[in-house]
Structure formats: structure tokens, C-alpha cells
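Take a look at the structure set out below.
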């Protein structure tokens, strides 16, 4: 019976338990409509746009997330049914008020998140009965006041966030109730001072954040009672004196007070903080650091001291035997103690950048060093034993120093080095012994390093930066082949195997990325690139040299008369000849360095020859444009002078010659000054092997390019305006005189062709400035090599074929050569040949002497002074009749030339004009005769007489 009764009781108990469990599962399965429940008591209602706490939640809910909604207030007893709730999240709402009874019934609540709301006061009444609360977040609100009884009942609170509020002082009294608090955050407030004993009752506090406040003063006993504090953050405040209150923190391990105004760190500053592991002191205007400040910190693992601009002595680190990371940057330290590695044998990272260190000690004792940063110092030499024994070193930065030499064996023991930075130094060579594991090498801005590196000595190299793009040609398309066995082993294996067997080696092909990369303006093989460019450049060079030399010889032939127009054409030919010499130098350089330009490119660009050729090119191109502009002005003035008469014409012509000579001189100096600008660091000739200070698409400097383009654009605009005004002011009758019309047309052709070739060059120069996009280097190189020097080839050709003056000068040159040859045959020295035998008379201004020529003879005589002798001799013009010839001639000179009369069908019986062997004189005589008889003028074509022996 007893056993039966016991069995019945046990069955009833099991039945009741099963029914209760079923009811619990049914209750837990319930979930509010807008929320998402996980079935284990978690409800996620975040980001649903709720304006109030949803109803219908299960009584067994232990986790509720209501963050990121629009809840503005919590009414009384809103969570009264959630007695098992342990974590409540209300962050990111617009909560402004919480009813004192809103959180009643939450006896199991451990985590409460109220951050990012609109609270202005700590809801002390609502928090009073949360006895199990361990974590409270009130950060990112607008709290300005913390009532004294805010945290009275929160005996289990471990973490309290009050950061990012508007607190003006430390809430000393409210915090005194939190004896078990372990982490406190008061950062990002407006606290200006920390009073004594502010945290006296927080003996369990481990972490204290006070950063980003306005703290200027910390009492000497401010941190008393914080016996277990391990982390203190005072960064980004206004401290001006070292916080001596840290002496009361015997267990302090991490201390940060960077970005303050502390100027002095006293001696033995951390004497009682022997457990310190990390100190952040950077960005303080430190002027004095006690030599013993960091001594005997045996647990110190990291020391960061930046921006101590007045610190001159390396701090003593005696006893700091466990230091692993040392950063001392931005100081005036000039020497590193030789005992550094003896005291810091566990050092892994050493950063001594931005100091004034001149000489390096031996780092042989720092066997664990993995990274050394010594950039931006004054180091001049790396000795062979400086880095000996550093088998664990991976990163070495020696950039921005004054290193001129590195011993050959300086890197021989750095078998693990993967990154080496030697950029911005004065190196002439780089030893690569021992760098077989190197992945990254930086050598940029070593302008004296002009040799090439051997890729085979750097088998694992992946990235390299060099001073000159030509040095990348050795790595272009280069694959590093790594084999699982060495060459010697492979040979031994091959010899031991039978014929026909192959050694299986694992090969990994890895391309090397090299900067700056070669391109059209930094060629590896051929300077001129394609055959089209090469043949075009040779054609331009030969034509420019030959044609301009012919023009110069004909223009400045002895015995000829130099008028302003002839002088300007001669100067234009001289500048074009210089540009032809520049193009010729590039063509010769391309031929001399055929297929291997990379070996000579650095020496050419940085040498004096490139600077000389660049100066020559800029001077000649600018002088050509300026002389053409002056020739345009001269043509306009000359045509208008032809239309004037009398002594005014003579005076203006005399003054005009002097003015044009002065203008030509000034323009020559202007072109020379423009060409010399790169010598004063305005642009540079060595930006490309073409030696031009223009943008190549790889250079960011456009100042000189823009200035030259604007200067030339203004010159061409002046030409267009002057010639437009000239053509608009002249009629057809004015342009019918052959010499004047030909000269005007010739200058017009020069303006048109030069401007046509200038436009593409200007467009490519301005494209990077206007669009921010670099030009295609190949197209830019073609434009520069072809269109830039093309006017030097075309200008003399246009002068030869379109200007009759050249034909006169050419005949005079041939005549002069013929007479000299004849004089040589009869034994007459060159010096005895009289100037009258040249066929010209240059005394036209003396000949006129107040005479008024007819309207026909005046332009002929003005534009062609060489016929004045014939006019005087033949008396073809009535104004010159009876004037005795002033140009004497040698005996038998023109002896066969008489003055027979000739009748015209329009003349009277007594009228006659002089007939001569010169068609030009006959035309002038006919014109004068018809003018006197009232007949319309008839223009006759004529040829200039050739003087022969």
C-alpha cells in the first residue's frame, strides 16, 4: 500500500510539472506584433518606428531591444509584467522623461542602455530600485546635473557611462555610493578640474576615462583611494603641469595624457608606478624631460613621446628591461646612446624619426628588433657594423636623411628584411648584399644615384621606386623565378640523374612593380620611338638647317642693302636655324644610343648638354614668334609709308630703321630671358629627354608652360589684329605693286602656318590644367617632336618660294661669287674689288636730296634700292633727269649699254624715253611717260638685271 501511494504521488508531481512546462512554452512563444522573437526569451523591436513600448510581450522575456525608435517617454509600470527581464535597450530614441515607477518590477535587470537620448538629468528615482543593475549607459545625452541620490541603490553597478554630456564637474557625491564600480567614463564633457578625493570610495575602479574635457588642474590627492586603477586616460585636455596625483596609483598599467600643454616631466616622475606598461606622452610642448623619469619601469612595454620640440638629451632607460616599443619623435635629440641595445634587449620597435640624429650606434644587441624608423634625421653614413646581427629585422626606414655612402656589407646580415626605404638621400650607390628576402625597396629622390640595379641580386623584390624611370627598364617585364632548390643543388641532381630525366622544380613567377614607370617620354630603347617620328624629325632637321643657312647667306651677303624687312627675315632664319640644330641633336642622340637609350637617359637628362639644348630650343622658338610679330608690324608700317610722299616719308623711314633695330634687340633679350627661367627653378629642362620645360603628362609643373603659351598667344593675336587692320585699310590698287604684294602675302603665309602649328601644342599644354587629365604621352610626344619644330622647316621654304626679295638676294649672292671667281682668275685680290661692282647702290637717300619722284617711281625705288644706279644712269624718271650719276663704275663696266631712243604709240614726235637693257628701267620709263601724258598707269613685269663679267 505504501509503495502504491508513493507511486501515485510521484505520478501527480510529474503531471503537474509537465503541465507547468507546457504553459511556460506557450507563454514564451507569445510575441508582440511589430517585434521579432527568437523563442528563447529574446525580443528585437529595434528600428520599428514605435512611439511607445509594445504590449503583449511574454512574461519570460529576458532580452528586449527597443533602440532606434521614436519613444519620447516611459510611463509608470510599463514593464511590470517583464519580471525576468535582464537586458533592456532604449538607445537612439527621443526619451526626455522617465517616470519614477517606469522601471518598477525589473528586479532581474542587469543591463540598461539609455544612450543617445534627450535626457537632461539622471533619472535617479527610476533607477533607485534596480538593485541587480551592473551596467548603465547614460552617454550621449544632454545631462547637466547628477542628483546626489542618483546611484544610491545600485550596489552591484560595475560599468557607468556618463561621457558625451554637458557635465561641468565631477559628480563626487553620487559616485561615492558605487563601491563596486570597475569602469567609469566621464569623457567628452566640460569638466575643468578634478578636486581632491574625487574618487575616494571607488576602491574597485580599474578603468577611468577623463579624456576630451577642459581639465586644467588636478589636485595632488585627486586619485587617492584608487588603489586598483590600471588605466587612466587624460588625453586631449588643457593640463599645463605634470599630474603628480598619479603617485597614488600603485597598480597603474596604462597612462595617457597626450595632446595637453605639459612642458616639463620631472625627475623620477613615475617612481611609484612601477607596473606601468604603456605611457602616451606625445603632442605636448615638452621642453624638459627628466633624465631619470623613465628609469626602473621594469614592466613598461611601450613608451611614446612625440612633439617634445625642446628635448635635446636621450632619456635614461636603465632598468626598463621589458620595453618592446620606443617612440621618440619630433625632438632635438642628436645622438643615440651606445648602450641602448644593452639595456633594451627585448626591443621590437624603435621609432626615432624627425630628430637631429647625425650618427648611428651599433644595434648589435637588439636581437629582437623587427622595425626601425629613422627617417627625417641628419644621418650621413651607414657603417658596415651598424645593423650587424639584426636577423629579425623586417622594416628599416632611413628616408629623408643626408646619407651619402653605405658600406658594402651594411645589410649583409639582414636576412629577414622585407622593406627598405632609402628615399630622399644623397646616395650614389646602393649595396644589395644580403637583401635576398627584400620585397619593397624605395630609392626615389636620390638624384645622384644614376646607375642601374641588378634584378638578380633581389630575387624576391615585388615593389621598387627609383629616382629615374630609366632605371625601371631593368625590371620591366622581369619575372623573378624562385626555385625550391639552389642552382648548385639543381646541377648536382641533374648530373646524378640519367639522360632524359628532368629535375622537377617549383617555379613561381612574380612581376616587379617599378615606379616611375618608363613611357613615351622615358623610353627604354629608342629616344624617337617609331620610324614615322624618326624620319619626320630627320626631314625637318635637314630642311631647317639647309634652307635657313641659304636664307642667311643670301640675306647677309656682303655688298647688299639691309632694310628692316630683310633684317627681320634674317633674324627669323637665324632663330629657325638654332631650332634646327636642337632637332638635329635629338636625331643624332637617337642614332648614337640606338636600342639602349635607358643606359644613357639619366646622364643625358641631368647633364649640361640637355640644359644647353633646352635653352637653345626655348630661345629659338620664342625668338621666332617674337620676330614674326615684329615683321608683321614692319610690313604694316612699310605699306603705309609707301602711300606717303615727300620729306616726311624720308624722316619716318630713317627713324623707323633705328626703332626696328632697337625692337629686335629688346625682343632678343626677352626670348633669352624666357629661355633662362628654368635655370632659376621656374620649370626644368630635365623633365624629359627632349629637354623642354613643357608638361609631358608626367610632370605636375605647368607654370612655365602656361606662361610661354600665353606669351605666344598674345603675339599671334597681335599679328592677327595688325594684318586684319592692314587688309581692311588697303584697296586692290594698293596691292597691285608686285614687290609689296608679294611681301605682304609672304608674311601672311608665315602667320597662318606658324599659328596653325602652334594651336595643337597650346591645346595639349592646357589640357591638363583645364581638365585635370594628363595627355596621352605617345600623342604628346608626336606633337612635340613634329609640330613644335615644323615652323623652323617651313618658314625658310615660304621665304624662298614666295618672296621676290630672296631672288634678288640670291642673284646678288651668285653675282658676288662669280665676280670673286673671275677676279681670282685674273689675279685680283678680294679686297681690291670695289663696292660698285656689286651691282647695287646704297645711297638712295643721298641721291634723292630733296627730289620729288613720281608716284610710280617712288615705290619702285623705295622697295628696291638696287635700281637707283640704273635710274641715275638712264635718266628714266623725269625727276632724276639732269642729275649727274653719283655711282661711279669701272672702265668697260656696262660699256655695251647705250641710250637709244624709242618711240611710243602714245608719244609725240619730240617725246622719247630711254631704252636700256634692263626691263625694270624700261617699265619705269614707260610709267613715267604715261603718267605725264595723262594715260592710265600700266604695270609691267620686269626682271632685275644680272651683272656679269
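The values are calculated or read from the model by the stated rules, or taken from the named source; none is laboratory data. Here the structure is a predicted model, which means the values were calculated and not measured. Ideal geometry is used to build each Cβ from the backbone, glycine not excepted, and the neighbour counts take in all protein chains shown.
General remarks:
- Per-region count, the stretch 593-603, residues touching a helix residue (DSSP H, G or I) at 6+ places or on another chain (Cβ under 6 Å) and modelled with pLDDT of 90 or more: 1
- Any chance residue 198 is crowded, with 19+ Cβ neighbours inside 10 Å and part of a loop (DSSP other than H, G, I, E, B): yes
- Taken together, 38, 94 contain a single residue that is modelled with pLDDT of 70 or more and surrounded by 12 or more Cβ atoms within 10 Å (Cβ to Cβ), which is 94.
- Among the residues of the stretch 583-604, none qualifies, meaning not one is free of Cβ contacts under 8 Å to residues at least 40 places away in the same chain, outside any helix (DSSP H, G or I) and out of contact with any strand residue (DSSP E or B) (no Cβ under 9 Å at 6 or more places or on another chain).
- Selected residue (criterion: farthest from residue 168 (Cα to Cα)) from residues of the stretch 212-223 that are buried (at least 21 other Cβ atoms within 10 Å of the Cβ) and touching a strand residue (DSSP E or B) at 6+ places or on another chain (Cβ under 8 Å): 223
So that you can scan it fast, the table gives a plain yes or no per residue for (1) in a loop (DSSP other than H, G, I, E, B); (2) at pLDDT 90 or above; (3) assigned by TED's automatic domain parsing to the domain that holds residue 111; (4) under 16 Å from residue 87 (Cα atoms):
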{"site": "5", "(1), (2), (3), (4)": "no, no, no, no"}
{"site": "16", "(1), (2), (3), (4)": "no, no, no, no"}
{"site": "19", "(1), (2), (3), (4)": "no, no, no, no"}
{"site": "46", "(1), (2), (3), (4)": "yes, yes, yes, yes"}
{"site": "50", "(1), (2), (3), (4)": "yes, yes, yes, no"}
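- Annotation note: of 134, 156, the sole residue that is within 57 Å of the chain's Cα centre (by Cα) and over 19 Å from residue 94 (Cβ atoms) is 134.
- Test: residue in the stretch 122-134 that is outside any loop (DSSP other than H, G, I, E, B), touching a residue at least 24 places away in the same chain (Cβ under 8 Å), farther than 22 Å from residue 70 by Cα and touching a strand residue (DSSP E or B) at 6+ places or on another chain (Cβ under 7 Å): no
- A single member of 262, 279, 246 is at negative phi, assigned to a helix (DSSP H, G or I) and either crowded, with 16+ Cβ neighbours inside 10 Å or touching a residue at least 60 places away in the same chain (Cβ under 8 Å) (or both), and it is 246.
- Condition met for residue 298 (more than 21 Å from residue 241 (Cβ to Cβ) and in contact with a strand residue (DSSP E or B) (Cβ under 7 Å, 6 or more places away or on another chain)): no
- The single condition from (1) out of contact with any helix residue (DSSP H, G or I) (no Cβ under 7 Å at 6 or more places or on another chain); (2) surrounded by fewer than 16 Cβ atoms within 10 Å (Cβ to Cβ); (3) part of a loop (DSSP other than H, G, I, E, B) that residue 173 fails is (3).
Okay, residues lined up against (1) touching a helix residue (DSSP H, G or I) at 6+ places or on another chain (Cβ under 9 Å); (2) closer than 20 Å to residue 35 by Cβ; (3) assigned by TED's automatic domain parsing to the domain that holds residue 155:
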{"position": "76", "(1), (2), (3)": "no, no, yes"}
{"position": "105", "(1), (2), (3)": "no, yes, yes"}
{"position": "115", "(1), (2), (3)": "no, no, yes"}
{"position": "122", "(1), (2), (3)": "yes, no, yes"}
{"position": "128", "(1), (2), (3)": "no, no, yes"}
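- Just one of the numbered conditions (1) touching a helix residue (DSSP H, G or I) at 6+ places or on another chain (Cβ under 6 Å); (2) surrounded by fewer than 21 Cβ atoms within 10 Å (Cβ to Cβ) is not true of residue 359: (1).
- Being crowded, with 16+ Cβ neighbours inside 10 Å and either touching a strand residue (DSSP E or B) at 6+ places or on another chain (Cβ under 6 Å) or over 21 Å from residue 430 (Cβ atoms) (or both) holds for only one residue in 413, 353, and it is 353.
- Of the residues in the stretch 641-659, at least one is modelled with pLDDT of 75 or more, under 46 Å from the mean Cα position of the chain (by Cα), assigned to a helix (DSSP H, G or I) and surrounded by fewer than 21 Cβ atoms within 10 Å (Cβ to Cβ).
- From the list 527, 552, 545, the lone residue that is surrounded by 17 or more Cβ atoms within 10 Å (Cβ to Cβ), touching a residue at least 12 places away in the same chain (Cβ under 8 Å) and in a loop (DSSP other than H, G, I, E, B) is 527.
- Looking only at residues in the stretch 702-722 that are modelled with pLDDT under 80 and farther than 12 Å from residue 677 by Cβ, the one that is farthest from the chain's Cα centre (by Cα) is 706.
- Verdict on residue 64 being outside any loop (DSSP other than H, G, I, E, B) and either touching a residue at least 24 places away in the same chain (Cβ under 8 Å) or crowded, with 17+ Cβ neighbours inside 10 Å (or both): yes
- Just one residue in the set 624, 699 is buried (at least 16 other Cβ atoms within 10 Å of the Cβ), at pLDDT 85 or above, in the same structural domain as residue 566 (by TED's automatic domain parsing) and within 29 Å of residue 606 (Cβ to Cβ); that residue is 624.
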